[in-house]
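Enquirer: Sending over a structure as structure tokens; questions will come in a sec.
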């Protein structure tokens with residue numbers, strides 16, 4: 001591992017993905033086609049319907065150049081991120097061209113949906129009667145996944161008891177001829193997506209092997225084991241990558257430990273074998289030395305971002321006796337055989 005102060009100097013696929021993710025928070029990535037990335041924004045109280053946005057690869061590439069040309073601090077990094085969020089994304093008004101459903105919440109919690117091939121009202125009081133949803137309840141909803149055949153909605157009733165599981169998932173055909181209501185919990189999803197429904201909605205899932213699929217949720221991915229009829233997630237101590245395809249072993253512990261780090265594909269992780277995609281050694285002492293910190297060690301360490309071969313970590317250093325010695329982010333680029341750890345404080349917590 002090579003340790004270097006400052007932000008990466010070269011545009012790489014992984015760096016571009018990271019910067020793109022920083023601008024697309026509060027959005028769900030839906031698909032990419034003809035060098036265009038399509039997103040659904042999480043609606044706010046000011047949005048009459050689900051807003052959709054797009055940007056082209058060339059536009060994002062230009063913005064990455066700005067990051068490389070700027071001396072990055074928490075303040076300048078935040079300013080670039082805000083500017084990119086405001087100017088990179090272009091709103092999509094003609095939704096039919098991109099096969100995006102037009103979705104709005106009408107009075108009495110009636111969900112109005114219009115697609116390229118059909119238009120229909122879904123009375124959520126009836127559709128979600130199992131969950132005792134009422135006409136007066138405050139409902140939030142998000143488009144989390146989409147294909148030409150179907151789309152997936154996350155729905156949460158803000159007025160149901162906090163002790164109950166109030167978030168629901170709706171799988172809906174693009175022609176609006178079918179809808180499956182479930183929750184992304186063991187015993188729920190596996191029953192809802194039975195053999196027939198799995199055929200209808202498998203385009204929304206990412207196939208891992210003959211029996212297992214990745215299912216997208218509002219906050220990440222879950223694993224549907226169709227053979228055992230179980231819904232699984234990675235161990236609480238492990239960290240699933242942004243795309244759901246890689247696992248950082250022990251990356252989600254309360255405090256990330258220095259020393260040997262291991263990353264597996266989700267397939268090998270589920271098999272429980274010892275095949276690792278990447279292995280590298282991380283030294284907090286070397287990072288502190290590069291920063292010339294007078295410190296007794298790291299008080300906290302956590303992952304801010306992880307996707308395949310790019311990791312961003314937050315380190316907080318303690319003073320020798322009391323207090324804080326400093327803090328930084330560490331960008332680890334694993335695309336090279338000898339990975340580089342770039343030490344730069346971006347203000348990411």
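The values are calculated or read from the model by the stated rules, or taken from the named source; none is laboratory data. Small disclaimer: the values here were computed from a predicted structure and weren't measured. Cβ coordinates were reconstructed from backbone atoms using ideal geometry, including for glycine residues, and neighbour counts include every protein chain displayed.
Enquirer: Can you give me the number of residues within region 255-295 that are on the phi > 0 side of the Ramachandran plot and in contact (Cβ under 8 Å) with a residue 12 or more places away in the chain?
Expert: Going through region 255-295 one residue at a time, the tally reaches 1.
Enquirer: For region 332-349, how many residues meet the condition of being over 20 Å from the mean Cα position of the chain (by Cα) and either surrounded by fewer than 17 Cβ atoms within 10 Å (Cβ to Cβ) or at pLDDT 95 or above (or both)?
Expert: Of the residues in region 332-349, 10 are over 20 Å from the mean Cα position of the chain (by Cα) and either surrounded by fewer than 17 Cβ atoms within 10 Å (Cβ to Cβ) or at pLDDT 95 or above (or both).
Enquirer: Failed condition for residue 132, given (1) touching a strand residue (DSSP E or B) at 6+ places or on another chain (Cβ under 7 Å); (2) more than 29 Å from residue 32 (Cα to Cα), with all others met?
Expert: Going through the list (1) touching a strand residue (DSSP E or B) at 6+ places or on another chain (Cβ under 7 Å); (2) more than 29 Å from residue 32 (Cα to Cα), residue 132 breaks only (1).
Enquirer: Can you confirm whether residue 201 is under 25 Å from residue 118 (Cβ atoms) and assigned to a helix (DSSP H, G or I)?
Expert: Answer is yes for this residue.
Enquirer: Follow-up. So if I check each of 318, 302, which one is modelled with pLDDT under 95 and either under 24 Å from residue 11 (Cα atoms) or surrounded by 14 or more Cβ atoms within 10 Å (Cβ to Cβ) (or both)?
Expert: One residue alone meets the criteria, 318.
Enquirer: Count, please, the residues in region 207-242 that happen to be crowded, with 18+ Cβ neighbours inside 10 Å and part of a strand (DSSP E or B).
Expert: 12
Enquirer: Test residue 252 against the criterion of being surrounded by 16 or more Cβ atoms within 10 Å (Cβ to Cβ), touching a strand residue (DSSP E or B) at 6+ places or on another chain (Cβ under 9 Å), more than 18 Å from residue 214 (Cα to Cα) and touching a residue at least 40 places away in the same chain (Cβ under 8 Å), and give yes or no.
Expert: Spelling it out, residue 252 is indeed surrounded by 16 or more Cβ atoms within 10 Å (Cβ to Cβ), touching a strand residue (DSSP E or B) at 6+ places or on another chain (Cβ under 9 Å), more than 18 Å from residue 214 (Cα to Cα) and touching a residue at least 40 places away in the same chain (Cβ under 8 Å).
Enquirer: Moving to a separate point now. Would it be correct to say that residue 89 is in the same structural domain as residue 40 (by TED's automatic domain parsing), in contact with a strand residue (DSSP E or B) (Cβ under 7 Å, 6 or more places away or on another chain) and either buried (at least 16 other Cβ atoms within 10 Å of the Cβ) or more than 16 Å from residue 153 (Cα to Cα) (or both)?
Expert: When the stated conditions are applied, residue 89 passes them.
Enquirer: Also, I was wondering about something else. Between a residue in region 27-55 that is at positive phi and any residue that is in a strand (DSSP E or B) and surrounded by fewer than 18 Cβ atoms within 10 Å (Cβ to Cβ), which pairs come within a Cβ distance under 6 Å, given they are 6 or more apart or on different chains?
Expert: 35/56
This table checks each residue for (1) in the same structural domain as residue 114 (by TED's automatic domain parsing); (2) closer than 28 Å to residue 109 by Cβ; (3) touching a helix residue (DSSP H, G or I) at 6+ places or on another chain (Cβ under 7 Å); (4) modelled with pLDDT of 90 or more.
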{"position": "163", "(1), (2), (3), (4)": "yes, yes, no, no"}
{"position": "172", "(1), (2), (3), (4)": "yes, yes, no, yes"}
{"position": "176", "(1), (2), (3), (4)": "yes, yes, no, yes"}
{"position": "180", "(1), (2), (3), (4)": "yes, yes, yes, yes"}
{"position": "186", "(1), (2), (3), (4)": "yes, yes, no, no"}
{"position": "189", "(1), (2), (3), (4)": "yes, yes, no, no"}
{"position": "220", "(1), (2), (3), (4)": "yes, yes, no, no"}
{"position": "227", "(1), (2), (3), (4)": "yes, no, no, no"}
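Enquirer: Another question, if that's okay. What is the one condition in (1) farther than 24 Å from residue 67 by Cα; (2) assigned to a strand (DSSP E or B); (3) over 19 Å from the mean Cα position of the chain (by Cα); (4) at pLDDT 95 or above that residue 329 does not satisfy?
Expert: Among (1) farther than 24 Å from residue 67 by Cα; (2) assigned to a strand (DSSP E or B); (3) over 19 Å from the mean Cα position of the chain (by Cα); (4) at pLDDT 95 or above, residue 329 violates only (1).
Enquirer: Would you point out which residue out of 134, 138, 129 is farther than 30 Å from residue 9 by Cβ and free of Cβ contacts under 8 Å to residues at least 12 places away in the same chain?
Expert: Just one listed residue meets the conditions, 129.
Enquirer: Next question, about the same structure. Given the condition in contact with a helix residue (DSSP H, G or I) (Cβ under 7 Å, 6 or more places away or on another chain) and assigned to a helix (DSSP H, G or I), answer yes or no: does some residue in region 121-138 qualify?
Expert: There is at least one residue in region 121-138 that is in contact with a helix residue (DSSP H, G or I) (Cβ under 7 Å, 6 or more places away or on another chain) and assigned to a helix (DSSP H, G or I).
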